Amino acid sequence: MKGIINDIIIRPERTEDFKQIESLVENAFALSDYSDGDEHLLVGRIRETADYIPELSLVAVKGDAVMGFVMFSRILINGEIAVAPAPLAVKTEYQNLGIGKLLMSTGHKIAQTLGYSCSVVLGNPDYYTRFGYKRAVELGIYPPFDVNEKYYMACQLSNKRVPEGVVKYSRAFGL
């Protein structure tokens, strides 16, 4: 199964992918200790806001099958625009093969090209530090909710100044 990564194409999502994406995200988070069970519905809610960035809603496909997905949406840090990946999901049987890494690295490159200075994530530091994320507080970025700071991370995407302050998420997150 290791050779599967060579057959994967990363591209922006299409309307015809939506059902596969919803199912993939729901299944990927079904057994997670840190899931609220809402991630698959969050995707649809984000698409309905101005914080949806079509170029940064990416699928990893093999043929017509969606194997992985990541959605970066707009956030505000002290009034300045940045991005946040949520959710990131890979089909359970294809995890640990590099699909998530491809999605994140492609997303970062596109976000940088689009002019975003940083990305903020709530997630596992063992995973996200591989992509240059570090504790957000080190960059002067703070969550709008209580969370252990080791799980709240940020990554500088360019040489642009990273905004400092409290993050404001899309209304789709219900915060």
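The values are calculated or read from the model by the stated rules, or taken from the named source; none is laboratory data. Model, not experiment: these values are computed from the prediction. Ideal geometry is used to build each Cβ from the backbone, glycine not excepted, and the neighbour counts take in all protein chains shown. These accessible areas exclude ligands, DNA and RNA; they are computed on the full protein's heavy atoms, side chains included. Shrake-Rupley method; radii C 1.70, N 1.55, O 1.52, S 1.80 Å.
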Practice task
Could you pull the Rg and Dmax for the stretch 42-151, using just the Cα atoms, both in Å?
Solution key: 14.0, 42
Exercise for the section: Provide the solvent-accessible area of L76, counting protein heavy atoms only and rolling a 1.4 Å probe, rounded to the nearest 10 Å². Expected result: 60
Problem - Under 13 Å from K150, Cα to Cα: aspartates and glutamates that are on another chain or at least 8 residues apart - result: D126, E138
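Roughly how big is the chain's charge dipole about its Cα centre, with Cβ charges of +1 (Lys, Arg) and -1 (Asp, Glu), in debye to the nearest 20?
Values: 19 positive and 21 negative charges, 121 e Å.
It works out to roughly 580 debye.
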Practice task
Might you work out the accessible area of T49 for me, using a 1.4 Å probe with all protein chains in place, and round it to the nearest 10 Å²?
Solution key: 20
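Based on the Cβ-Cβ distance of S23 and R161, what FRET efficiency does E = 1/(1 + (r/R0)^6) give at R0 = 30 Å, to the nearest 0.05?
Numbers: r = 40 Å, r/R0 = 1.34.
Efficiency computed from Cβ-Cβ geometry: 0.15.
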Completion exercise
Sorted by chain and number, the residues with a modelled amide H under 5 Å from that of Y142, at a separation of 5 or more or across chains, are G165, V166, V167
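Which entries in K19/K168; K62/K160; K101/K134; K91/K160; K19/K91; K134/K168 show an alpha-carbon gap greater than 25 Å?
Details: K19/K168 28 Å; K62/K160 35 Å; K101/K134 16 Å; K91/K160 35 Å; K19/K91 14 Å; K134/K168 19 Å.
Listed pairs above 25 Å: K19/K168; K62/K160; K91/K160.
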Exercise for the section: With θ set to phi - 60°, apply the Karplus curve 6.51 cos²θ - 1.76 cosθ + 1.60 along the stretch 19-29 and write out the HN-Hα couplings as whole Hz, x wherever there is a Gly or Pro. Expected result: 5, 5, 4, 4, 5, 4, 5, 4, 5, 5, 9
